[in-house]
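Below: the structure, in structure tokens.
We did not get these values from a lab; they are worked out from the coordinates using the rules stated. Note that the structure is predicted; figures quoted are calculated from it, not measured. All Cβ positions, glycine included, derive from the backbone under ideal geometry; neighbour counts span all protein chains shown.
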Amino acid sequence: MFRTNRGTISGYFLAGRYMTWLPVGASIFASNIGSEHFIGLAGSGAAAGIGVGAFEVNAMIMIQILGWVFAPVYIASGVCTLPEYIRRRFGGVRIRVWLSVFSLLLYIFTKISVNLFSGALFIRLALGWNLYLAILLMLFISCLCTITGGLAAVIYTDTLCTTLMTVGSLIVAIMGFSKVGGYNALQEKYMVAVSNDTLFSNSTCGRPRPDSFLMLRDPINSDIPWPGFIIGETIISIWYWCADQVIVQRVVAAKSLSHTQGGCLLAGYLKILPLFTLLMPGMISRVLSPDRVACSVPEKCMEICGSEVGCTNIAYPELVLKLMPTGLRGLMMAVMMAALMSDLTSIFNSASTLFTIDVYSLIRKKASVRELMIVGRIMVAVMTGISILWIPVIQNVQGGQLFMYIQAVTAYLSPPIAAIYVVALFWKRATETGVFWGMITGFAVGVIRMTLDFVFQEPRCGEPDNRPAITRHVHFMYFAIIAFLITTIAIVIISYLTKPSADRKFSRLTWWNRYDESSTNDHLETDRDNEIAMEHLQFNVSRDNSDAESEEIADKNVDIPLDKNDTDEPHPSRIKRFYSWFCGYEAGSEEAKKAAMQQQQRLAIICSLKQNSKAKIFLNANFLFISVLCVFMMVYFSV
């Protein structure tokens, strides 16, 4: 807040593109590992074993796909947001607007509401506070950090949070494994960890799954079918890791492609930790507190945790409260708050970016930078309010497993987005009309399935399953494959029936021409429908001939100072000066204008994708190593 440049679009939303690999990698990890992992991942471990660890292993390789496949194209194109990339790639504005709207909906249903619920659950158990009072406290802290600091403050906060989360969760894991006697003892004790109600009722409900220590499971009768996971989860992960503003905004903020890839490697290595520091401690919690964590009687579960479908979501806070002395409990409270703040600030900043640049700028085409930045902050408050209203729904879906709720909703809504970005990067023949109607088709299918899931919820153990066949027999991972194929097929068919886009629109916008050094400006859309009337946020960059030929890098990526009209008061009062500093509206000076010109030159170098040869070899070697490690872990925990 004191040192970052927050008075410009690039400074506030992209941290000036000065980030090195360490904060980039730490921010990617922290943006992913929020309080929903402490609650949801540990809770699913307590409920169903190590199966959900496969999601973490899958993420290790998908982050590298981001760094080596998707990020080079995003950086080369010089875009600020992903819907902006889609507009540049296909033309028009309707795809861009709809993508932004659907992304914001996904944030509400799978990110903000989940984080608020899981963080508040921990605070309620630890301090005995009212659930919604805890939510208000967390919102105040997170919004203050986001509104006053921009992305740079968010990334630096993420770096600190990563350190706190890693140290705190390691302490809990070590104490937990010590308590149960190690991994081998955990395997034995977990399989008999049932509540007294389950034990004396002679019921199968509430007992551990026979495949609890397998990641990839039976393709038909399991919660993580291996064919569905390998294909379906990869499709889901394309959206989350490679086509979601929250994550991509961090890699685009890096100072070079090498730092982007280095950050992805760091995040990939850090993703090894949750399996051992979050998921398995959840299983340990079931062993140590079976009557609370593994409760199976709805009335008792309601009394323990406020949910009739189970209390596995309290596994991690229960373990912390049971094992940790008073001082370390305070440390873990700080860790949980850090995790929550990290995730919320990341989501708030990215949601603000999406709405401001991709939606509001089309409604108010001549809005000043000040107005855009204020509107972005107001949008954060609106999304938060909707998320709070959604929290009661989260408590009673997917058998009470928060983590599986996240995966299911993502599987319903994200495959069309994944299909669009895959097509955008790799198939030139796709047309704007084909992509738009393919997207609408895919989303319609997904919304129908999601609605059916919420209307016809999974029955409790021992109750008959009267759900429609599509929800009863088609696992959400298989549905993700179906939705992806429907979207892709629709895009291909409609694209072949419509006029193809001209080649001039592909300069540095696809995988095949990311190194294009053509001096043409044709990659900027010039027809009136594509203009968003934000000339004060656009710029042209002339490349040095030694790097690349002249190229116009479009759409709002440069540090353009605030409009002069916004700062024309000759002697502003102290109150107004404080207000401007607090919200980052202090960019009207000559210094800021000079910095804007320097930023143009820097951006041209970043977009050239040039890398040091030794650094490139080192990065590629690590990419190969982490890929092999992922395969090894998946096989080791599945046989």
Checklist line | FRET efficiency, K365 to I386 (Cβ-Cβ, R0 25 Å, nearest 0.05) | finding: 0.40
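With Cβ to Cβ distances under 12 Å as the rule, what net charge do the other residues near S307 carry (K, R +1; D, E -1)? Please list the in-between numbers first.
On the way: positive: K300, R460; negative: E299, E303, E308.
Here the charged neighbours net out to -1.
How much length is gained on full extension from M302 to V167, taking 0.36 nm per residue of separation minus their Cα-Cα distance?
On the way: separation 135, 0.36 × 135 = 48.60 nm, distance 3.29 nm.
So the extension gain works out to 45.3 nm.
When E233, E303 are ordered from fewest to most other Cβ atoms inside 10 Å of their Cβ, what list results?
Lowest to highest Cβ neighbour count: E303, E233.
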Check: Using the per-residue mean of other Cβ atoms lying within 10 Å as a proxy for protection, in what order, highest first, do the peptides 69-75, 115-121 fall?
Finding: 115-121, 69-75
Notebook entry, point to check: Each label point is 7 Å from the Cα along the Cα-to-Cβ direction; what then is the distance between the points at L452 and V492, in nm?
Noted result: 2.4
Margin query: Suppose each label sits 7 Å from its Cα in the direction of the beta carbon; what would the N184-L105 distance come out to in nanometres?
Written below: 5.3
Item checked: Violating pairs (Cα-Cα greater than 22 angstrom) within the set K428/K614; K189/K322; K111/K271; K366/K428; K300/K322 -> K428/K614; K366/K428
Notebook entry, point to check: In nm, to one decimal, how far is the V631 label point from the V69 one, both placed 7 Å along Cα→Cβ?
Noted result: 1.5
Note to self: At a 10 angstrom cut-off on C-beta neighbours, averaged per residue, how do the peptides 374-381, 273-280, 247-254 rank from highest to lowest?
What the structure shows: 247-254, 273-280, 374-381
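Count neighbours as other Cβ atoms within 10 Å of each site's Cβ, and list the trypsin sites (Lys or Arg not before Pro) in region 433-499 that are DSSP loop with at most 11 such neighbours.
On the way: sites: R449, R460, R472; in loops: R460.
When the trypsin sites (Lys or Arg not before Pro) of region 433-499 are filtered for loop state and at most 11 Cβ neighbours within 10 Å, nothing remains.
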